[in-house]
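Student: Have a look at this one.
The values are calculated or read from the model by the stated rules, or taken from the named source; none is laboratory data. Small disclaimer: the values here were computed from a predicted structure and weren't measured. Using ideal geometry, Cβ is built from the backbone for each residue, glycine included, and neighbour counts are taken over all protein chains shown.
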Amino acid sequence: MKINLLILIISTFTFSNSFCQFFDESQTPLSVKWRQINHGGFKIIYPSELEKDAQRMANTFAYIYPTVGASLSENKTIIPILLQNQGTTSNGFVQLAPKKSQLYTISPQQFDNQDWLNNLSVHELRHVAQFNKLTGKKGFPFPEEIYFGYIGVSMPLWFLEGDAVSTETALTYSGRGRQPSWIMPFRTLLLEGKKFPYSKSYFGSEKDITPGYYQLGYLMNSQLQKEHGTDIGNQLLSDINKRPFRLYPFSQSLKKFTGKNTRNFYLQTLENLKQDWAQQASKNKSVDYVSLNKKSGYATHFYLPTQLPDQNVLVIKQSKSETPGFVIISPTKKEKTLFKIGYQEQPWYSYGNNKIVWEERREDPRYKQRSYNVVCTYDFRTGKKKQLTHKTRLFAPSISGDGKKLIAVQIDLSNHHTLVMLDIETGKVTDSLLNSENYQLQTPALNHDGSQISWISVSEEGKSLWLKNNERKEVLISNTRQQLSRPIFFNDRIAFNAHYSGVDNIYEIDPTSKKISALTASKYGAFNASITDNGKSLLFNDYKLMGYEIAKTNIAPTEVQANNFVYYGQETKKEDYVFANVPDSTFSSKPYSPLKHMFNFHSISPTADDAVERVGLQLKSDDLLNTTSFYAGVTYESSLRRVEYNAGLRYKALYPVINLSYRNRPRLTNYRFQNAIHQAQWREDFTSLTVSQPISFNSFNHNFSFIAETGTYYVNRHFNAVDASRLVNTIEFPMTYRFGFTHQIRSAERDIAPKWAQAFEFKYQHLPFDQHLTGKLFAFESYLYFPGLAKNHTLLASFNYQQNNGTFRTVNDIPVVYGYNQIAAKSLLKNTLLLNYRFPFLFPDLEIGPFVYVRNVRASFFSHYENIGSQNNITQPKTFGLELRSDMNLLRYQPIADVGARLIFVNKNYNQNPIFELLFNYYF
């Protein structure tokens, strides 16, 4: 087992999270016209359609940053911020290498009660302040990749994210810290008597619902600030900077200021939370509703229960071991899976008169910054599902009770929200509702015949509930900080979600009197109401320990209880509200040319191979739009005691991806000449060019991808005079071709490989332009995945074949049997058949002090065959054996380590002892 700790540390921590954040290297289409505004240290780069939002954010960023960074003593910064409008995912992040922030301007359908970009800007600018505190605004030349690694090693994600959530909550009248539903899983765990170890709460579980590091971080940060003042974060980061080279630096600094290390402070926080939440529960009058679904041994959600005409209940079911799909549950709790669905930002569907409508995301085949939200339908009468719209940006589709009308939220590239009516058969827009104020619109609903519409609007002043009856439009609830969501019509009233009692429950409002009454009294949270039994009963999601369950209650309105919500953040005083006096200036903008900004040098980073025989330094450049990557470096070859010089360029703006690389490298070989062995040592110039065309797309829960690639290279060898007369000096443009296809269905969290997938790859190499060398190589790989004997079990059958001659005679370009490199070959490799049966069997969630957190244990049995049809046959595997592996977090770091061992038995014809291998990998 070879482990390169340097590469592990650097590579592992070039990742961070925010708003369930991700980093991506995807591109926007060439058709996007970019512009930029420079103001107050911020370079705002944005598509031309976002001119209005870009002007607003230019005012906002510069104005609020001194306040956002004040408690960290940060009041100035220099950073580019990209506003992205091509996708349908709501998100944002801050990163280094290269330093930038990226904000996805499209707002989610069920989020906060304030303007989306305002909320996002506070959170992300707090990350900017954190990074500046730890690394400085500029630092030494080209340090960003090292700095990013340093942040990952020194800081737990829960602190960075919790501090940002605390800031977004304290400086506004909204923020996730004020939402009972956001901390609901944590509250449920503690009140149900679950006291998870620190690592489980931080890193998650494949068995239970855990708080998540956002919620954990917010509550622990709030406890820190409550006990030690709002300057505690500044003190911690300053101390870590002074003494960075320690094991568990954050925990040690925390102990210095609080007297408790990370684990002990976590345990103290749990005790305080449990006491506060128990007191809140004692003040609230709650009902213990009976669950109408089967229990499971692991976290399972039954979203959006709706009663069908035959009294069965329709839900979207999702669990740790199952992907989302429509399931029908009978009164006896028997389940029948209807079909699986694709990715949704939040679970959503609507039912009316034997029809289902729902939304799914679709990706652009090439430019992954661009995605769409499409409307899909299913008809119970015909049993057919279809994608109703294509290349649309439609959200929260809702069908009328008679199944004749359809409404959805449409968000265009200028970030304008519109309620649109769609033709139920064609998906074309037939009508729209004026939204001149451009409120952010959420979760619309139609009454039975579609003559009335209700929806939620969001602005910086809060959320509002609206009703449109024919031509009359009115506000039923105006600018509240309540977390209003998902209104539905019943009888002559509207039911909706809110948290008036400090716990999310379902309420009703009388449109005439505006009186609000409570319909549920869940202890932890009630959501997603639907009406049954001719308006007499309510079906809804009741949140429990293992997820969203199905409950039912008679409709009996009661008075709204007092709000007993326990708020842990800093109170927002009027003078602290960060958006109170944002200027409204207009700034000059100018076109932003990606070509003129291709090169953006950000890091000089160490490099090494697995054996640490090649170590070096690379100067790296990545442009802000992910279109161009460049590197240049030197590498020391320890075995040859020589230096290699290398450079490479990757251009991704066009539909094909272009890779160009150059290496001036030392080489050594032994060769036979006149019946004697001679050694040659030389330098050579190696130049390669590859052009590839990656394509991928999804349809419902099926994912497809294609890759077509061609490449060539040129080698010019600099021999001494003697070796030059004996060896070939140049290799002139051999051609390589590759084509691959993959199809797989969506995988669940517990799946360790796809249940059903097919992958094929063809490769061909030859030398059409070289006058000195000949040879061809053809290779074929295939991977077929099948469901195993039990849930989350997978069988892989992989058949691979190659035919090679001439220069490529000794090249192996197909997967080999386990242990191949440790077994003496009896013949050249022609084909392999690899059979692997893989399954998880244990989910211990085991914390071993601060050293290891074991998430799962899984096993594999394998039987591998080689050169079928020649020396052996399918009844005699070359190698067979078993493998044990485990996913774990080491030393309380976020990346997951895949650690295991493999025992390989070799066919007796090889007279080989069993082979034992240790395995190590890591991923995010």
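Student: Does any residue of the stretch 186-201 turn out to be in contact with a Lys or Arg (Cβ under 6 Å, 6 or more places away or on another chain) and of a type in the set (Val, Ile, Thr)? Please lay out each step first, then the result.
Tutor: Here is the first cut: in the stretch 186-201, the ones in contact with a Lys or Arg (Cβ under 6 Å, 6 or more places away or on another chain) are 190, 198.
Retained after the next criterion (residues that are of a type in the set (Val, Ile, Thr)): none.
Within the stretch 186-201, not a single residue is in contact with a Lys or Arg (Cβ under 6 Å, 6 or more places away or on another chain) and of a type in the set (Val, Ile, Thr).
Student: One residue is enough: does the stretch 279-286 have a residue meeting the conditions touching a helix residue (DSSP H, G or I) at 6+ places or on another chain (Cβ under 8 Å), assigned to a helix (DSSP H, G or I) and more than 19 Å from residue 537 (Cα to Cα)? Let's see the steps before the verdict.
Tutor: Keep residues of the stretch 279-286 that are touching a helix residue (DSSP H, G or I) at 6+ places or on another chain (Cβ under 8 Å), which gives 281.
This time we only want the ones that are assigned to a helix (DSSP H, G or I), so: 281.
Within this subset, residues satisfying the condition of being more than 19 Å from residue 537 (Cα to Cα) are 281.
Looking for residues that are touching a helix residue (DSSP H, G or I) at 6+ places or on another chain (Cβ under 8 Å), assigned to a helix (DSSP H, G or I) and more than 19 Å from residue 537 (Cα to Cα), one finds at least one in the stretch 279-286, hence yes.
Student: Which number in (1) out of contact with any Pro (no Cβ under 8 Å at 6 or more places or on another chain); (2) surrounded by fewer than 18 Cβ atoms within 10 Å (Cβ to Cβ); (3) in a strand (DSSP E or B) marks the one condition that residue 615 misses?
Tutor: The number of the failed condition is (1).
Student: Looking only at the stretch 706-716, decide whether some residue is touching a Phe, Trp or Tyr at 6+ places or on another chain (Cβ under 9 Å), buried (at least 17 other Cβ atoms within 10 Å of the Cβ) and hydrophobic (A, V, I, L, M, F, W, C).
Tutor: Among the residues of the stretch 706-716, at least one is touching a Phe, Trp or Tyr at 6+ places or on another chain (Cβ under 9 Å), buried (at least 17 other Cβ atoms within 10 Å of the Cβ) and hydrophobic (A, V, I, L, M, F, W, C), which makes the answer yes.
Student: Every residue in the stretch 584-624 that is within 29 Å of the chain's Cα centre (by Cα) and of a type in the set (Asp, Glu), please.
Tutor: The answer is 609, 610, 622, 623.
Student: Another question, if that's okay. Say whether the condition of being crowded, with 20+ Cβ neighbours inside 10 Å, in contact with a Gly (Cβ under 9 Å, 6 or more places away or on another chain) and either on the phi > 0 side of the Ramachandran plot or outside any helix (DSSP H, G or I) (or both) is met by at least one residue in the stretch 116-136.
Tutor: Taking every residue of the stretch 116-136 in turn, none turns out to be crowded, with 20+ Cβ neighbours inside 10 Å, in contact with a Gly (Cβ under 9 Å, 6 or more places away or on another chain) and either on the phi > 0 side of the Ramachandran plot or outside any helix (DSSP H, G or I) (or both).
Student: Exactly one of (1) surrounded by 14 or more Cβ atoms within 10 Å (Cβ to Cβ); (2) farther than 30 Å from residue 855 by Cα; (3) of a type outside the set (Phe, Trp, Tyr) is unmet by residue 828. Its number?
Tutor: (1)
Student: Being closer than 30 Å to residue 724 by Cβ and touching a residue at least 24 places away in the same chain (Cβ under 8 Å) narrows it down to one of 628, 669, 635, so name that one.
Tutor: On the way: 628 fails: closer than 30 Å to residue 724 by Cβ; 669 fails: touching a residue at least 24 places away in the same chain (Cβ under 8 Å).
Just a single option satisfies the conditions, and that option is 635.
Student: For the list (1) farther than 29 Å from residue 186 by Cα; (2) under 38 Å from the mean Cα position of the chain (by Cα); (3) at pLDDT 95 or above, I need the number of the one condition that residue 526 fails.
Tutor: Here residue 526 meets the rest and fails (1).
Student: Continuing with the same structure: If I filter the stretch 79-92 for residues that are surrounded by fewer than 22 Cβ atoms within 10 Å (Cβ to Cβ) and closer than 24 Å to residue 237 by Cα, do I get at least one hit?
Tutor: Checked against the condition, which is being surrounded by fewer than 22 Cβ atoms within 10 Å (Cβ to Cβ) and closer than 24 Å to residue 237 by Cα, the stretch 79-92 yields at least one hit.
Student: Enumerate the pairs (first residue in the stretch 199-228 and within 23 Å of residue 546 (Cα to Cα) and assigned by TED's automatic domain parsing to the domain that holds residue 180; second residue anywhere and in a loop (DSSP other than H, G, I, E, B) and among the aromatic types (Phe, Trp, Tyr)) with beta-carbon separation below 7 Å, excluding pairs fewer than 6 apart on the same chain, so at least 6 apart or on different chains.
Tutor: 206/843; 207/298; 207/843; 210/196; 219/568
Student: Residue check, residue 228 against (1) surrounded by fewer than 20 Cβ atoms within 10 Å (Cβ to Cβ); (2) more than 17 Å from residue 253 (Cα to Cα), all met but one. Which one?
Tutor: The failed condition is (2).
Student: Continuing with the same structure: Within the stretch 363-390, track down each residue that is closer than 22 Å to residue 656 by Cα and in a loop (DSSP other than H, G, I, E, B).
Tutor: Filtering the stretch 363-390 for residues closer than 22 Å to residue 656 by Cα gives 363-372.
Residues satisfying the conditions are 364, 365, 366, 367, 368, 369, 370.
Student: Still on this model: Scan the stretch 171-198 residue by residue and report those that are over 26 Å from residue 888 (Cβ atoms), in contact (Cβ under 8 Å) with a residue 40 or more places away in the chain, touching a helix residue (DSSP H, G or I) at 6+ places or on another chain (Cβ under 7 Å) and part of a helix (DSSP H, G or I). Write out each step before concluding.
Tutor: Here is the first cut: in the stretch 171-198, the ones over 26 Å from residue 888 (Cβ atoms) are 171-184, 187-188, 191-193.
Then keep just the ones that are in contact (Cβ under 8 Å) with a residue 40 or more places away in the chain; that gives 171-181, 184, 187-188, 191-192.
Cutting the leftovers down to touching a helix residue (DSSP H, G or I) at 6+ places or on another chain (Cβ under 7 Å) gives us 171-172, 174-178, 187, 191.
176, 177, 178, 187, 191 - these are the residues of the stretch 171-198 that are over 26 Å from residue 888 (Cβ atoms), in contact (Cβ under 8 Å) with a residue 40 or more places away in the chain, touching a helix residue (DSSP H, G or I) at 6+ places or on another chain (Cβ under 7 Å) and part of a helix (DSSP H, G or I).
Student: What number of residues in the stretch 437-454 are in contact (Cβ under 8 Å) with a residue 40 or more places away in the chain and surrounded by 22 or more Cβ atoms within 10 Å (Cβ to Cβ)? Steps first, please.
Tutor: Going through the stretch 437-454, the residues in contact (Cβ under 8 Å) with a residue 40 or more places away in the chain turn out to be 440, 442-450, 453-454.
Now narrow it down to the ones that are surrounded by 22 or more Cβ atoms within 10 Å (Cβ to Cβ): 440, 442-446, 453-454.
Qualifying residue count, the stretch 437-454: 8.
Student: Additional query: Please give the strands (runs of 3 or more DSSP E) falling wholly within the stretch 524-593 in which 3 or more residues are of a type in the set (A, V, I, L, M). Can you show your working first?
Tutor: On the way: elements: 526-532, 537-544, 547-554.
Passing ranges, in order: 526-532.
Student: Could you look through the stretch 483-523, keep only residues that are touching a Gly at 6+ places or on another chain (Cβ under 8 Å) and polar (S, T, N, Q), and pick out the one that is modelled with the highest pLDDT?
Tutor: By that ranking, first place goes to 505.
Student: For the condition closer than 22 Å to residue 166 by Cβ and surrounded by fewer than 18 Cβ atoms within 10 Å (Cβ to Cβ), what is the one hit in 283, 274?
Tutor: On the way: 283 fails: closer than 22 Å to residue 166 by Cβ.
The match here is 274.
Student: Considering (1) farther than 30 Å from residue 162 by Cα; (2) surrounded by 13 or more Cβ atoms within 10 Å (Cβ to Cβ); (3) touching a residue at least 24 places away in the same chain (Cβ under 8 Å), say which one residue 591 fails and leave the rest.
Tutor: (2)
Student: If you don't mind, there's one more thing I want to ask. Considering only the stretch 288-301, I want to know if a residue exists there that is touching a Leu at 6+ places or on another chain (Cβ under 6 Å), buried (at least 20 other Cβ atoms within 10 Å of the Cβ) and either in a strand (DSSP E or B) or of a type in the set (Gly, Ala, Ser) (or both). Steps first, please.
Tutor: As a first pass, look at the stretch 288-301 and keep what is touching a Leu at 6+ places or on another chain (Cβ under 6 Å): none.
There is no residue in the stretch 288-301 that is touching a Leu at 6+ places or on another chain (Cβ under 6 Å), buried (at least 20 other Cβ atoms within 10 Å of the Cβ) and either in a strand (DSSP E or B) or of a type in the set (Gly, Ala, Ser) (or both).
Matching residues to (1) in contact (Cβ under 8 Å) with a residue 24 or more places away in the chain; (2) hydroxyl-bearing (Ser, Thr, Tyr); (3) surrounded by 19 or more Cβ atoms within 10 Å (Cβ to Cβ):
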site: 397; (1), (2), (3): yes, no, yes
site: 428; (1), (2), (3): no, no, no
site: 431; (1), (2), (3): no, no, no
site: 459; (1), (2), (3): yes, yes, no
